[in-house]
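Step one of this worksheet: look at the structure below.
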Amino acid sequence: MTEGKAAPAAAAEQDPRNLSTRIIAAAVLIPLAIAIAYAGGWLWTALVTLAAIGLYVEWLMVVGATAEKRVVATGVAALAVAGFSLAIGRIDAALAVFAIGLVAVALMTPVRRNWAAAGILYAGVAEIASVLLRHDAVKGFVALVFVLLIVWVTDSGGYFAGRGIGGPKLWPRVSPKKTWAGAVGGLVASLAVACAFAVLDLGKAGPLLTISGVLSVVSQLGDLFESAVKRRFGVKDSSQIIPGHGGLLDRLDGFVAAVAFAALFGFLRGGADGVGRGLMIW
């Protein structure tokens, strides 16, 4: 990127109007997401499925694979049917449909096959993990809100600490703007969430601090992974669907990594029907 192009981009990042747009968008989307998460059931599954489809399409846009319409349609159909299966409680059917869709996309894609397959894998994992984490009637909502808050405060804490403190870059080849101060700021903010949950008697302080710290790091790694993919293909934003934030990939990269880790951890402790309980019971 030339200096002439970098300067306007940097100016846009520092523009107070851009920050105001980010805040307004977050003020609308965060309460909406929490309300739908609280409702759970088919409503949450529908939102997650739509988000997964958006992630898949944006991924294909980033890697330059949207010209193959049948690849796009096959992946979208697989994610939609998997979402319907999850909505009616058929986790086994959802996994089967997802596996078939993954193989079909891989076989259909003439170029960048691995990248296209990685896209549906990325979106499908996010879809299934998000639904399973919320599935438990007792602890599902609490577990999901815990993960959402960790991701949100990690992102916000990192943003303000990075801009306010600055200092050495975290990984300039992948994400030139991220700093070690931002990474630490995001981690500290996540520990504050853990303390709040402990005060509210939603878990023991020690385990909550541990899992929140791990989720914060995983979230930041997910952010860096998405940045690396975009840099590999010379893309700045995956889309402009969210004002001030870019695309779904830009906004949900940390959440995808965190919810996948949380669901796996909860599954190992509570099984497929108790993922949320497995994450939050200590």
Exercise for review: Quick one: which residue in 186, 234, 203 is over 30 Å from residue 20 (Cβ atoms) and over 15 Å from the mean Cα position of the chain (by Cα)?
Suggested key: 203
Exercise for review: Return the pairs, sorted by first residue and then second, in which the second residue is in a helix (DSSP H, G or I) and of a type in the set (S, T, N, Q), the first residue lies in the range 255-282 and is free of Cβ contacts under 8 Å to residues at least 60 places away in the same chain and within 16 Å of residue 217 (Cα to Cα), the beta carbons are less than 9 Å apart, and the residues are 6+ apart or on different chains.
Suggested key: 257/219; 257/220; 261/219
Check your understanding: Out of (1) in a loop (DSSP other than H, G, I, E, B); (2) at pLDDT 90 or above; (3) farther than 29 Å from residue 47 by Cβ; (4) not charged (D, E, K, R), the odd one out for residue 188 is which?
Key -> (1)
Study note, to complete from the structure: Residues of the range 141-162 being buried (at least 24 other Cβ atoms within 10 Å of the Cβ) and at pLDDT 95 or above, in sequence order, are 143, 144, 146, 147, 150, 151, 154
Point to revise | Verdict on residue 217 being modelled with pLDDT of 95 or more, within 29 Å of residue 114 (Cβ to Cβ) and part of a helix (DSSP H, G or I) | key: yes
Exercise for review: Go over the candidates 213, 246, 222 one by one and state the one that is closer than 30 Å to residue 281 by Cα and in contact with a Ser or Thr (Cβ under 8 Å, 6 or more places away or on another chain).
Suggested key: 213
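Kindly provide the set of residues from the range 125-139 that are modelled with pLDDT of 95 or more and over 12 Å from the mean Cα position of the chain (by Cα), ordered by number. Don't jump to the end; show me each part of the working.
If we filter the range 125-139 for residues that are modelled with pLDDT of 95 or more, which is where we start, we get 125-134.
Hits for the range 125-139 are 128, 131, 132, 133, 134.
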Practice item. Could you tell me whether residue 230 is assigned to a helix (DSSP H, G or I) and either of a type in the set (A, V, I, L, M, F, W, C) or in contact (Cβ under 8 Å) with a residue 60 or more places away in the chain (or both)? Key: yes
Check your understanding: touching a residue at least 60 places away in the same chain (Cβ under 8 Å) and under 26 Å from residue 231 (Cβ atoms): does that describe residue 48?
Key -> no
Review point. Has the range 214-229 got at least one residue that is buried (at least 21 other Cβ atoms within 10 Å of the Cβ) and within 16 Å of residue 142 (Cβ to Cβ)?
Key: yes
Exercise for review: Within the range 270-282, track down each residue that is small (Gly, Ala, Ser) and outside any helix (DSSP H, G or I).
Suggested key: 271
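So which of 261, 267 ends up being within 18 Å of the chain's Cα centre (by Cα), surrounded by fewer than 22 Cβ atoms within 10 Å (Cβ to Cβ) and not in a loop (DSSP other than H, G, I, E, B)?
Working: 267 fails: within 18 Å of the chain's Cα centre (by Cα).
Answer to the selection: 261.
The values are calculated or read from the model by the stated rules, or taken from the named source; none is laboratory data. Bear in mind the structure is a predicted one, so any value in this text is a computation, not a measurement. Counting neighbours? That spans all protein chains shown, and the Cβs are built from the backbone with ideal geometry, glycine included.
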